[in-house]
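Handing you this structure, nothing more for now.
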Protein chains: 4
Amino acid sequence: MLRIAVLGCGRIGRMHAANVSRHARTSLAMVYDIDAGAAGEVAANLGVRVARTSDEVFDSGDVDAVLVATATPTHADYIERAVAAGKPVLCEKPIDLDLARVDLCGGRIAGSRVPVQIGFNRRFDPGHRAAREAVAAGEIGTLHQVIITSRDPALPPVAYLRQAGGLFRDMTIHDFDLARFMLGEEPEEVFALAGALVNPDLGKELGEVDSAMFVLRTASGKQCHINNIRCAVYGYDQRVELVGQSGMVLSDNRKPHEVRRFLAQRTEAAEPYLLFFLERYSEAFMAEIDAFVDTVERGGTASPGFEDGRRALILAEAAYVSLREERIVRVAEIA
Amino acid sequence: MLRIAVLGCGRIGRMHAANVSRHARTSLAMVYDIDAGAAGEVAANLGVRVARTSDEVFDSGDVDAVLVATATPTHADYIERAVAAGKPVLCEKPIDLDLARVDLCGGRIAGSRVPVQIGFNRRFDPGHRAAREAVAAGEIGTLHQVIITSRDPALPPVAYLRQAGGLFRDMTIHDFDLARFMLGEEPEEVFALAGALVNPDLGKELGEVDSAMFVLRTASGKQCHINNIRCAVYGYDQRVELVGQSGMVLSDNRKPHEVRRFLAQRTEAAEPYLLFFLERYSEAFMAEIDAFVDTVERGGTASPGFEDGRRALILAEAAYVSLREERIVRVAEIA
Amino acid sequence: MLRIAVLGCGRIGRMHAANVSRHARTSLAMVYDIDAGAAGEVAANLGVRVARTSDEVFDSGDVDAVLVATATPTHADYIERAVAAGKPVLCEKPIDLDLARVDLCGGRIAGSRVPVQIGFNRRFDPGHRAAREAVAAGEIGTLHQVIITSRDPALPPVAYLRQAGGLFRDMTIHDFDLARFMLGEEPEEVFALAGALVNPDLGKELGEVDSAMFVLRTASGKQCHINNIRCAVYGYDQRVELVGQSGMVLSDNRKPHEVRRFLAQRTEAAEPYLLFFLERYSEAFMAEIDAFVDTVERGGTASPGFEDGRRALILAEAAYVSLREERIVRVAEIA
Amino acid sequence: MLRIAVLGCGRIGRMHAANVSRHARTSLAMVYDIDAGAAGEVAANLGVRVARTSDEVFDSGDVDAVLVATATPTHADYIERAVAAGKPVLCEKPIDLDLARVDLCGGRIAGSRVPVQIGFNRRFDPGHRAAREAVAAGEIGTLHQVIITSRDPALPPVAYLRQAGGLFRDMTIHDFDLARFMLGEEPEEVFALAGALVNPDLGKELGEVDSAMFVLRTASGKQCHINNIRCAVYGYDQRVELVGQSGMVLSDNRKPHEVRRFLAQRTEAAEPYLLFFLERYSEAFMAEIDAFVDTVERGGTASPGFEDGRRALILAEAAYVSLREERIVRVAEIA
């Protein structure tokens, strides 16, 4: 059993703590949060102890590895401390909102063999993964186009938006990572177009966008489209479409169950899609712990790793340049 | 061009007349109805002439074949007259509501080589036919079970019900024929259970049922279930499920188009199914004319033919005995 | 936390032990099996102790309730002992293969208020349950017909079949229970037709059937069809269709994920359905523990309870009479 | 009956001639083709006469209207001649590959009230139209994003590609029109990215592309993505997705029938999609004749009309500039 400490007891931290606690190959060593009350509640529910400081976590001989689910500005610090302490770390995305800070962190952990895994959970979704594997197995011949549909059910609160770093770094970053995963090649060019369509006022006040379309291209010419919008009242809409020389593979949405209604006005009507990421990607969040344990136990490089986190952020930065300059931006212009 | 006269200008006769008129291999020679006004209207729309009597149809040198879509009690007569006149006949189901009359007709036309095709249109539905062909091609191994779902959108008017001969002879007769077509073997045993669930009053007044379940078995043991109900507000529900040793083939419903709605309460909601048989089986009605022309032009036995019409009626009779006696009835008990 | 002991460490017992162990409201107190090795393995995996005898379970002050997943012939005994010991019991179906034994057990526990829940897991499937609730909420008006499709992926081993009590008591019993649950009324009449289509040899040797069709009717006239077959190579096929005066609700199958392939020969091709009941009904097995805990903690009658177990067996017995006598059998003839 | 002459007896002309011939409100007056043999064959099949020259068509008193399905370079001429002759014209897209020629034609017919309808058949597809109407009816609130998937089954022959004017003017032009139709607003900005992925050699030889992604934006900020590729072996893939503030409407593909296979490897497997535009849009081609007759008989402006044909071409031109300059292009830069 890998003894994992969870840092951060907010919404996603609580989910991770519960997952670590019930995962067959891990145990929850302790939890920590700057809000001791939040940590205490999780600890009580799961029957573990609270670390009073983050130092206590990194110093503890009872902690084999750490899972970082704290606020974004702490991620890079905690990654550095975990690596320094020789503790493998699974860190929520993004590494940081600032590429310079990410690169600084990258420099500081360079050369270490302590596994650093980034929480791009969607790579572990059974459907998305099976789609990727079908392509890798040659089922659709050479891959030509990838279309990623990624829609949040609603706008987050303004308070969240103020510190989230912008749509591309907060929400699209998952899609940029998924694009890289699905394309199997590095995107070299990025185009972005975006606006505040769901809530134009928010756009004016925060300069934030809520609806966007992207086009990416790899060196070999593979094309990728991403569309984002934050108003999918019918559920968290998460689809990946892979088009190749000899076919298409589609990873579609998941419903809570398979009941369909047939009434006078509509037939075959299904349930709304699962809301929200905790529900839609519940299997993926467990599977990413699985992968983390595998890496820790068997050695090898964590995947998705630090560089994957950095690459996704670079795509977000390139997309922001494209948005401002209304042109294709070469990723090489950014980093 | 096969010159076909259409007898009967009611709802289904009008449809047949229009089909004959626009079919690439047939022309509409003339139309006839006991209601001269009805015939006149069809004739005017389609630019053909009205026969004043049915004799005129059977005697005409301009008529190569006849399509009978008149009231049921005239079917057997018209079949006999068409055969006597040497004109191939495509006759709507049922041949007659009375098995004795059917057998009399059978005796009278025995030995003739004039093609007699019965209007079991469902055999020509592209989906049902493809399903049957998949089984014939061995795609699901030995066929074991057939499940036929057949639901009318609503109860017909009482006036119709009074003369329709009862649910089994009027509605289920199509399913009995489809069962024979799909099973590829003769059902030897029949069980029926029925009731007036949609309109219990009608049941009391007419002794009619509107909801039924059947189980059939062939000599080799193949099993078949049919369910009927006359209240499918979501559309005319027509499905066939074929289960074999190594798989299942399903022929499902057809919608007017493939629009789906995704709203807060429901996702993937499609249109109601096509209403009613004229719409759902529009391709089938054209294809049965195709088959009729093929038989007339190339020779051979019409299919479904007279004996198919008789067999379906025998199954209906067996089902009525089963309903009364609450037991399995052997088809051999009937005929 | 309700401390539950699990008796029986075979396939389904292992699953139950793991579920009890990770359920938020229960803990696994101990496990027992006549095969001490099997029990030891489960105990080691889940970190609990093995009871050396079943007495130890029923006598233990550390055991609040028991879950019985042993061989069928022991069920009635264990129910009686659990009730005598005042320990609520969740017992796998069937109570016994012999109705007389069931009735004896029923007499012995009569008057006790110790909850006895029977493991009809399908009632807890999120889809089936939502379908039932949609009907109860009046979404489709008065319910008229229920169609239950229930197909096992393959024939079980001969050794299993020799002691399983026959298809109707072993497999269909789940469908009989589901029929009662969905109909919301007691079936009063049963018709059954069955054969050995998947493996005729087995039929000859064991007198066993592997393919069956049933029709049931309630006092108010509601109709229900069940079809069973043990050769669904495309997965464990579990569907419920509910047809009412104003619509239909369908609870369909569940796939491991929502990937679809679009290739030259086929489009929209999905994964095989989940195999087998442990996978397909994994949520249901957890939810039935939930219901059990609710009953134990809040009081009230367990549901599905002892009488539900008895009623399903009576339907199986009626079905066997129908099979032999080829007629509708009134349930009142049996009990 | 509107007497329509069909000019052009190639693949699409033959289809139009047959449609005009069997449409309830039109008759086929005559056909014309520079290849007299092609015209003769159509004339013989449909029982009409061949015009020896195009003048004969425009001069004939037996011709109420013309349908132009000839080679693209003749379209503008024939439109001008039809208008001059006072004969309403339904002309296949595009008006011309050269915007200057289109504008010249536009100038010449300016002020005339003779209806000019352009053959953007997809606007008449029952599904696409119902989707548009659902949006117009407010079913999904304010429209924000449109996603058009449009994939040909295979690359056309090189000979065709040499004169087709390039992917954007030949294939995407339909999607540009559909985008305008669905958005309900004029796109003001266009971005395009394309490559020769299906056949890189063809790319090198002809400078042609076969795979493309577009992003468009209207004045109010609505976003639209189009993806094209010429290798959909699973069928002609034609989908429109409309996302609004309160829901999504999807117009999906059409299959020849609704058979699905459930086998050991795959479940729910459907038929390949209809190949090709003649089949997929067969209802649409009939419905566009309907609309044409309506306009001719009732007066009013043809829709889609000449300006729609011009606008779609302008979007194609803007897309080519974007492709070359790798930036957003304002439509106002073009015209």
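The values are calculated or read from the model by the stated rules, or taken from the named source; none is laboratory data. Since the structure is predicted, the reported quantities are computational estimates derived from the model, not experimental observations. Positions of Cβ are backbone-derived with ideal geometry, glycine not excepted, and every protein chain shown enters the neighbour counts. Areas reflect the complete protein model, heavy atoms only, side chains present, ligands, DNA and RNA absent. Shrake-Rupley method; radii C 1.70, N 1.55, O 1.52, S 1.80 Å.
Among the residues of segment A:141-152, which ones are surrounded by fewer than 19 Cβ atoms within 10 Å (Cβ to Cβ) and over 17 Å from residue A:217 (Cα atoms)?
Result: A:141, single match.
All but one of (1) closer than 24 Å to residue B:16 by Cβ; (2) of a type in the set (A, V, I, L, M); (3) touching a helix residue (DSSP H, G or I) at 6+ places or on another chain (Cβ under 6 Å) hold for residue B:148; state the number of the condition that does not hold.
Every listed condition holds for residue B:148 apart from (1).
Hey, can you tell me all the residues within segment B:43-78 that are more than 23 Å from the chain's Cα centre (by Cα) and open to solvent by less than 20 Å² (accessible area, probe 1.4 Å)? So that I can check it myself, show each step before the final result.
Narrowing segment B:43-78 to residues more than 23 Å from the chain's Cα centre (by Cα): B:43-64.
The answer is B:43, B:51, B:54, B:57, B:58, B:60, B:63.
Tally up the residues in segment A:44-67 that are outside any loop (DSSP other than H, G, I, E, B), in contact with a Lys or Arg (Cβ under 6 Å, 6 or more places away or on another chain) and under 15 Å from residue A:27 (Cα atoms), please. Step through it out loud before you land on a result.
Here is the first cut: in segment A:44-67, the residues outside any loop (DSSP other than H, G, I, E, B) are A:44-46, A:49-50, A:54-59, A:65-67.
Subsequent filtering for residues that are in contact with a Lys or Arg (Cβ under 6 Å, 6 or more places away or on another chain) retains A:58, A:65-66.
If we keep only those that are under 15 Å from residue A:27 (Cα atoms) as well, we get A:65-66.
Number of matching residues: 2.
So, one more: Any residue that is within 14 Å of chain D (Cβ to nearest Cβ) and at pLDDT 95 or above - is there at least one of those in segment C:208-231?
yes
A further question follows. May I ask you to say which residue of D:271, D:279 is closer than 26 Å to residue B:131 by Cβ and surrounded by 20 or more Cβ atoms within 10 Å (Cβ to Cβ)?
From the options D:271, D:279, the qualifying one is D:271.
Let me ask you something else. Quick one: which of D:158, D:198 is among the aliphatic types (A, V, I, L, M), over 15 Å from the mean Cα position of the chain (by Cα) and surrounded by fewer than 17 Cβ atoms within 10 Å (Cβ to Cβ)? Let's see the steps before the verdict.
Values: D:198 fails: surrounded by fewer than 17 Cβ atoms within 10 Å (Cβ to Cβ).
Among D:158, D:198, only D:158 is among the aliphatic types (A, V, I, L, M), over 15 Å from the mean Cα position of the chain (by Cα) and surrounded by fewer than 17 Cβ atoms within 10 Å (Cβ to Cβ).
Give the residues of segment A:241-256 that are in a strand (DSSP E or B) and open to solvent by 10 Å² or more (accessible area, probe 1.4 Å), sorted by residue number.
Within segment A:241-256, A:241, A:250 meet the criteria.
Next up: If a residue has to be open to solvent by less than 30 Å² (accessible area, probe 1.4 Å) and either more than 24 Å from residue B:218 (Cα to Cα) or of a type outside the set (Val, Ile, Thr) (or both) to count, how many in segment B:122-140 make the cut?
Residues in segment B:122-140 being open to solvent by less than 30 Å² (accessible area, probe 1.4 Å) and either more than 24 Å from residue B:218 (Cα to Cα) or of a type outside the set (Val, Ile, Thr) (or both): 9 in total.
For segment A:132-240, give me every one of the helices (runs of 4 or more DSSP H) that falls completely inside it and has 3 or more residues that are touching a Ser or Thr at 6+ places or on another chain (Cβ under 9 Å).
Here the list reads A:173-183.
Right, something else. I'd like the full set of residues that are buried (at least 21 other Cβ atoms within 10 Å of the Cβ) and charged (D, E, K, R), limited to segment D:27-42.
Quick first cut of segment D:27-42, residues buried (at least 21 other Cβ atoms within 10 Å of the Cβ) only: D:28-33, D:39, D:42.
If the condition is that a residue be buried (at least 21 other Cβ atoms within 10 Å of the Cβ) and charged (D, E, K, R), then D:33 is the only one that fits.
Scan (1) closer than 23 Å to residue A:175 by Cβ; (2) in contact with a Phe, Trp or Tyr (Cβ under 8 Å, 6 or more places away or on another chain); (3) open to solvent by 10 Å² or more (accessible area, probe 1.4 Å) for the single condition residue A:221 breaks and write down its number.
Checking residue A:221 against (1) closer than 23 Å to residue A:175 by Cβ; (2) in contact with a Phe, Trp or Tyr (Cβ under 8 Å, 6 or more places away or on another chain); (3) open to solvent by 10 Å² or more (accessible area, probe 1.4 Å), the one that fails is (2).
Are there any pairs, at least 6 apart or on different chains, whose C-beta atoms fall under 7 Å, with the first in segment B:305-328 and more than 14 Å from chain C (Cβ to nearest Cβ) and the second among the aromatic types (Phe, Trp, Tyr) and open to solvent by less than 40 Å² (accessible area, probe 1.4 Å), and if so, which?
What qualifies is B:308/B:120; B:312/B:176; B:315/B:176; B:316/B:168; B:316/B:176; B:320/B:168.
Can you go through C:64, C:59 and tell me which one is touching a residue at least 24 places away in the same chain (Cβ under 8 Å), among the acidic types (Asp, Glu), within 24 Å of residue C:297 (Cα to Cα) and touching a Pro at 6+ places or on another chain (Cβ under 9 Å)? Let's see the steps before the verdict.
On the way: C:59 fails: touching a Pro at 6+ places or on another chain (Cβ under 9 Å).
Among C:64, C:59, only C:64 is touching a residue at least 24 places away in the same chain (Cβ under 8 Å), among the acidic types (Asp, Glu), within 24 Å of residue C:297 (Cα to Cα) and touching a Pro at 6+ places or on another chain (Cβ under 9 Å).
Kindly establish whether residue A:241 is within 14 Å of chain C (Cβ to nearest Cβ), in contact (Cβ under 8 Å) with a residue 24 or more places away in the chain and on the phi < 0 side of the Ramachandran plot.
Numbers: within 14 Å of chain C (Cβ to nearest Cβ): yes; in contact (Cβ under 8 Å) with a residue 24 or more places away in the chain: yes; on the phi < 0 side of the Ramachandran plot: yes.
Criteria met by residue A:241.
Take segment D:1-14 and flag every residue that is under 13 Å from residue D:119 (Cβ atoms) and open to solvent by 10 Å² or more (accessible area, probe 1.4 Å).
Selection gives D:12 alone.
Next question, about the same structure. Show the residue pairs that are 6+ apart or on different chains and have beta-carbon atoms under 7 Å apart, the first residue being within segment C:68-83 and part of a helix (DSSP H, G or I), the second being of a type in the set (Lys, Arg).
Close Cβ pairs (under 7 Å, with a partner that is of a type in the set (Lys, Arg)) amount to C:76/C:101; C:80/C:108.
Considering only residues that are more than 30 Å from residue C:264 (Cβ to Cβ) and either away from every other protein chain (no Cβ under 13 Å) or in contact with an Asp or Glu (Cβ under 7 Å, 6 or more places away or on another chain) (or both), which ones fall in segment D:124-168?
Scanning segment D:124-168 gives a single hit, D:136.
Going through segment C:119-144 one residue at a time, which ones are under 26 Å from residue C:75 (Cα atoms) and in contact with a His (Cβ under 9 Å, 6 or more places away or on another chain)?
C:119, C:120, C:121, C:122, C:125
For segment B:257-266, does any single residue satisfy the condition of being closer than 30 Å to residue C:211 by Cβ, at pLDDT 95 or above and open to solvent by 40 Å² or more (accessible area, probe 1.4 Å)? Lay out the reasoning, then the answer.
Initial filter on segment B:257-266 (closer than 30 Å to residue C:211 by Cβ): none.
The answer is no; no qualifying residue exists.
For every residue, the table says whether it meets (1) under 30 Å from residue B:136 (Cβ atoms); (2) more than 14 Å from chain C (Cβ to nearest Cβ).
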site: B:173; (1), (2): yes, yes
site: B:176; (1), (2): yes, yes
site: B:180; (1), (2): yes, yes
site: B:188; (1), (2): yes, no
site: B:191; (1), (2): yes, no
site: B:198; (1), (2): no, no
site: B:201; (1), (2): no, no
site: B:204; (1), (2): no, no
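I need every pair where a residue in segment C:1-17 that is within 12 Å of residue C:38 (Cα to Cα) and in contact (Cβ under 8 Å) with a residue 40 or more places away in the chain has its Cβ under 6 Å from the Cβ of a residue that is aromatic (Phe, Trp, Tyr) and not in a loop (DSSP other than H, G, I, E, B), sequence separation at least 6 or different chains.
As it stands, the answer is C:7/C:32, since those pairs meet every condition given.
Quick one: count up the residues across segment A:90-128 that are more than 13 Å from residue A:80 (Cα to Cα) and touching a residue at least 40 places away in the same chain (Cβ under 8 Å).
16
Every residue, every condition in (1) among the polar types (S, T, N, Q); (2) more than 22 Å from residue B:115 (Cα to Cα), yes or no:
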{"position": "B:16", "(1), (2)": "no, no"}
{"position": "B:27", "(1), (2)": "yes, no"}
{"position": "B:32", "(1), (2)": "no, no"}
{"position": "B:42", "(1), (2)": "no, yes"}
{"position": "B:48", "(1), (2)": "no, yes"}
{"position": "B:60", "(1), (2)": "yes, no"}
{"position": "B:63", "(1), (2)": "no, no"}
{"position": "B:67", "(1), (2)": "no, no"}
{"position": "B:71", "(1), (2)": "no, no"}
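Out of (1) out of contact with any strand residue (DSSP E or B) (no Cβ under 8 Å at 6 or more places or on another chain); (2) within 29 Å of residue D:329 (Cβ to Cβ); (3) at pLDDT below 95, what's the single condition that is false for residue A:203?
Only one criterion is unmet by residue A:203, namely (1).
Is there any pair linking a residue in segment C:245-271 that is within 7 Å of chain A (Cβ to nearest Cβ) and under 21 Å from residue A:255 (Cα atoms) to one that is in a strand (DSSP E or B) and open to solvent by 40 Å² or more (accessible area, probe 1.4 Å), with Cβ under 8 Å and at least six apart or on different chains, and which?
If the second residue must be in a strand (DSSP E or B) and open to solvent by 40 Å² or more (accessible area, probe 1.4 Å), the pairs left are C:249/A:260; C:250/A:260; C:252/A:260.
Which of the residues belonging to segment B:94-122 are part of a strand (DSSP E or B) and β-branched (Val, Ile, Thr)? Write out each step before concluding.
First, pick out the residues of segment B:94-122 that are part of a strand (DSSP E or B): B:116-118.
Answer for segment B:94-122, where residues must be part of a strand (DSSP E or B) and β-branched (Val, Ile, Thr): B:116, B:118.
May I pose another question? For residue A:294, all conditions in the list (1) free of Cβ contacts under 8 Å to residues at least 40 places away in the same chain; (2) more than 14 Å from chain C (Cβ to nearest Cβ); (3) part of a loop (DSSP other than H, G, I, E, B) hold save one; what is the number of the exception?
(3)
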